[in-house]
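The values are calculated or read from the model by the stated rules, or taken from the named source; none is laboratory data. Remember, it's a predicted structure, so these values are computed and weren't measured experimentally. Note: ideal-geometry Cβ built from the backbone for every residue, glycine included; neighbour counts use all protein chains shown.
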Amino acid sequence: MAGWGDDPELERLRNLVDSGWEVVEITDDPAAAGGPADTVKLTKDGQTEEVTSDHLQFHHYVVWLQEQQAR
């Protein structure tokens, strides 16, 4: 996984979640080309988006999203 620096995909994911997009699926790929990566699929008003990153902060945010979904 990449380090702690800025991750534009994390910002994109946060903006989508903050704008009311619903997380419908979270997957991880431990064998991704750049190292382990997470993918989050979201939906809103019949549209879908997918955000993927191998960044460590992205992974921590995804773990938090999973915990929120479990509640």
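Here are a few things to note about the model shown:
- Hits in the range 37-71 (condition: surrounded by 15 or more Cβ atoms within 10 Å (Cβ to Cβ) and either of a type in the set (D, E, K, R) or more than 17 Å from residue 11 (Cβ to Cβ) (or both)): 38, 41, 54
- Residue match in the range 7-16 (condition: modelled with pLDDT under 95 and in contact with a Ser or Thr (Cβ under 7 Å, 6 or more places away or on another chain)): yes
- Filtered residues of the range 17-27 (kept if surrounded by fewer than 16 Cβ atoms within 10 Å (Cβ to Cβ) and either modelled with pLDDT under 95 or on the phi < 0 side of the Ramachandran plot (or both)): 18, 19, 22, 24, 25, 26, 27
- Taking each residue of the range 1-14 that is more than 12 Å from residue 61 (Cα to Cα) and charged (D, E, K, R) and looking for partners that are modelled with pLDDT of 90 or more and assigned to a helix (DSSP H, G or I) with beta-carbon atoms closer than 9 Å, six or more apart or interchain, yields 6/57.
- Filtered by the rule that a residue be hydroxyl-bearing (Ser, Thr, Tyr) and in contact with a Gly (Cβ under 9 Å, 6 or more places away or on another chain), the range 10-69 gives no residues.
- Among the residues of the range 15-60, those identified as in contact (Cβ under 8 Å) with a residue 40 or more places away in the chain and not polar (S, T, N, Q) are 17, 23, 26, 51, 54, 55, 56, 58, 59.
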